[in-house]
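Structure first, then comments.
The values are calculated or read from the model by the stated rules, or taken from the named source; none is laboratory data. Predicted, not measured: the structure shown is a model, and the values here were computed from it. Counting neighbours? That spans all protein chains shown, and the Cβs are built from the backbone with ideal geometry, glycine included.
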Ligand code: HEM
């Protein structure tokens, strides 16, 4: 819908490039949104803001960083000590990475709870899974850049996993490294990828939002809007709600930046990389821990496939299986509010993910090995057995007739009062 401007400059621009009506149709008064979105719907826009912070701080860090094994570690030290506000740039970037994963994990669990992955939002969900993969790749290569002990050994362990692939595995690893160990060529290419991938993420986010805008947001009830009384304009209702959420989130984020900047980090990464000294306990960043636990849960060779390869298949499979979620869940009801069995399985899945995270953070010994195996078992069973079964067996629930009917006082719903 074209906007009529009095201001001649705005009018001139709008006539040639209808950018203002585009914004208004996307996040303005002309974008209808379900009237009942709760705070769990804040997390997508929060993730978008953190992506912006990461890109901006990253560009300024790159101006002062040196991607060479002889200088990388001290160039980061210089950023911390000598570059004006370098410490702030680095702490915002480091903690921003952790925040990005916290927000996106919450965003995904929200989608799973309210069935946002179901028709017609399957592709929106799948683009989300590709976003997660791109984020993981970016975080992995980024962690190598400071060239600390954990950078080096994390990169060595994870890239070595590809050697489990039969016949071509060793060649793939050499190709990834650009040599015969993690060394200068590896650091250089990881820096190139770490600079490139965020822009790919940005492009994917644009497509993600495009897909979102076709069928609009799902909502806590999971039912389709029936008419205009179910919707409210994005602006001012959700702009103000997003800004409020942003303010609360910034307090949380900046608390870590200013008061506990190394909370999510690893002390060993303040020791320069040394290929001759292996740390006693190599752990990835916290957001990889559940997947790391799945990787290590496979301890026996099975069906002529060595345990190590099973681990690699399990780890990648645990992310890729999310792509199939819209088809594994056959239930027509979206929201877990109306699916008691699914709700129970979901919360166990959530707790199970925390257990996997804990197991991933600990050395694989004794009882923890068994616990990791059970938790890995539940992770996959949730997708391939529990969800399909629950969606077939669950008794049908009565859904509300409309969003307005469910969330407004009866009188208000009839008279339109308060709209
Ligand atoms: C860079 C990371 C991401 C950004 C910036 C992002 C951004 C957004 C935004 C702004 C929205 C609309 C607001 C909201 O519903 O919260 C949204 C919706 C959605 N996103 Fe994401 N997203 C990201 C990653 C993901 C991932 C990893 C998934 C799933 C694997 C995902 C799945 C969805 C779904 C299903 C919706 C629709 C939700 C609904 O309407 O109920 N997103 N995203």
Give me a count of the residues in the range 207-240 that are within 12 Å of the ligand (Cβ to nearest atom) and within 12 Å of residue 31 (Cα to Cα). 8
Just one of the numbered conditions (1) under 34 Å from the mean Cα position of the chain (by Cα); (2) at pLDDT 95 or above is not true of residue 1; which one? (2)
Tell me, yes or no, whether the range 272-281 has at least one residue that is modelled with pLDDT of 95 or more and buried (at least 18 other Cβ atoms within 10 Å of the Cβ). yes
So which residues in the range 104-124 are within 8 Å of the ligand (Cβ to nearest atom) and crowded, with 21+ Cβ neighbours inside 10 Å, if there are any at all? 104, 107, 111, 114, 116, 117, 121, 124
Is at least one residue of the range 236-247 loosely packed, with under 13 Cβ neighbours inside 10 Å, in contact with a helix residue (DSSP H, G or I) (Cβ under 9 Å, 6 or more places away or on another chain) and not assigned by TED's automatic domain parsing to the domain that holds residue 315? yes
Would you be able to tell me the number of residues in the range 282-304 that are more than 19 Å from residue 367 (Cβ to Cβ) and in contact (Cβ under 8 Å) with a residue 12 or more places away in the chain? 7
Tell me the residue from 131, 187, 167 that is in the same structural domain as residue 272 (by TED's automatic domain parsing) and under 30 Å from residue 333 (Cα atoms), please. 131
Tell me, yes or no, whether the range 38-59 has at least one residue that is in contact (Cβ under 8 Å) with a residue 40 or more places away in the chain and under 25 Å from residue 281 (Cα atoms). no
Suppose we filter 27, 50 for residues that are buried (at least 18 other Cβ atoms within 10 Å of the Cβ), modelled with pLDDT of 95 or more, within 16 Å of the ligand (Cβ to nearest atom) and assigned by TED's automatic domain parsing to the domain that holds residue 207; which single one remains? 50
Condition (residue is over 30 Å from residue 221 (Cβ atoms) and more than 16 Å from the ligand (Cβ to nearest atom)) applied to the range 129-141: is it met by at least one residue? yes
Determine whether residue 158 is away from the ligand (no atom under 13 Å from the Cβ) and within 30 Å of residue 350 (Cβ to Cβ). yes
Inspect all residues belonging to the range 183-198 and state whether any of them is within 16 Å of the ligand (Cβ to nearest atom) and surrounded by fewer than 17 Cβ atoms within 10 Å (Cβ to Cβ). yes
Scan the range 355-370 for residues that are in contact (Cβ under 8 Å) with a residue 12 or more places away in the chain and farther than 13 Å from residue 299 by Cα and jot them down. 355, 356, 357, 358, 359, 360, 361, 363
Do we have any residue at all in the range 58-66 that's within 16 Å of the ligand (Cβ to nearest atom), in the same structural domain as residue 240 (by TED's automatic domain parsing) and either in a helix (DSSP H, G or I) or touching a helix residue (DSSP H, G or I) at 6+ places or on another chain (Cβ under 6 Å) (or both)? yes
